[in-house]
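J.: This is the structure I want to talk about, given as structure tokens.
The values are calculated or read from the model by the stated rules, or taken from the named source; none is laboratory data. These figures come from a predicted structure and were not determined experimentally. Please note: Cβ atoms are built from the backbone with ideal geometry, for glycine as well, and neighbour counts cover all protein chains shown. These area figures cover heavy atoms from the full protein model, side chains too; ligands, DNA and RNA do not enter into them. Shrake-Rupley method; radii C 1.70, N 1.55, O 1.52, S 1.80 Å.
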Amino acid sequence: MWTGVMTDSPFGDDQEVAGLGARLREQRVSSRLTLEAAAARVGLSPAYLSRLETGRRQPSLPVLLGLARAYGTSVSGLLGEQAAEPDPVIRGGVVEPGRAGGWGYRRAGAPGRAMQALRVHVPPGSQDAVVRVHPGEEWLYVTKGRMRLTLGDRVHLLGEGDSAHFDSLTPHCIAADSEAGLDLIFVHTLLQSPAGDLCLGDAPRL
């Protein structure tokens, strides 16, 4: 998803991820994408992507995931986490809300793996209206609150202890359906293919 000096909450209200903007630009350039082409792949405006690359804005988790897919890398790579011998034990901690839409997350798996795991906090409200489509699989487990999961034309309400496992080529959208928001375990794969850049829906461009 790291820098040499990082906090448990890379998108904390008072902190920025050092060097993230520069890495986003480097990844885009190495992928031979113009600002306009990269922004279109992720469903952003070129102006907003430019602000991310210059460090004037910090991306939310959904945006960071979209950029990782578009550039053929991992969230860990974008955040500058150095490759090392993976530690099989990941210690717990508080997931703090970030400044971008209130999403918060904490790594729950080792970096550099084909399967990536995150602990995620989703605030209440329709903060992420983008319906996403990409190769791979996703597994979600609700630990607190209630989740509204849209899969294709169907809407599923999941409570604490419920889980969902689905093909990521199914158009999907995650939102909290409880006043205090939603906490979940999010396990996903980031398989790359030309279809992985699709992003459907009329979400507002930032």
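J.: How much accessible area per residue does the range 15-79 have, counting only protein heavy atoms and a probe of 1.4 Å, in square angstrom? Can you show the working numbers first?
T.: Numbers: 2560 Å² over 65 residues.
Solvent-accessible surface per residue comes out at 39 Å².
J.: Would you mind telling me the share, in percent, of accessible area of the range 104-190 contributed by carbon and sulfur at probe 1.4 angstrom?
T.: Details: 2040 of 4020 Å².
Ligands and nucleic acids excluded, carbon and sulfur reach 51 percent.
J.: What do you get for Rg/Rh over the range 15-79 if you use C-alpha atoms and the Kirkwood form of Rh? Don't jump to the answer; show the numbers that get you there.
T.: Values: Rg = 10.2 Å, Rh = 11.3 Å.
Radius of gyration relative to Kirkwood radius: 0.90.
J.: Shifting gears a bit: With each pseudo-label sitting 7 Å past Cα toward Cβ, what's the residue 139-residue 151 distance in nm, one decimal?
T.: In this crude spin-label approximation the distance works out to 1.4 nm.
J.: A further question on this structure: To the nearest 0.05, how large is the calculated FRET efficiency for residue 89 and residue 45 if R₀ is 45 Å and r is the Cβ-Cβ distance? Walk me through the numbers on the way to the answer.
T.: Numbers: r = 41 Å, r/R0 = 0.91.
Approximately 0.65, to the nearest 0.05.
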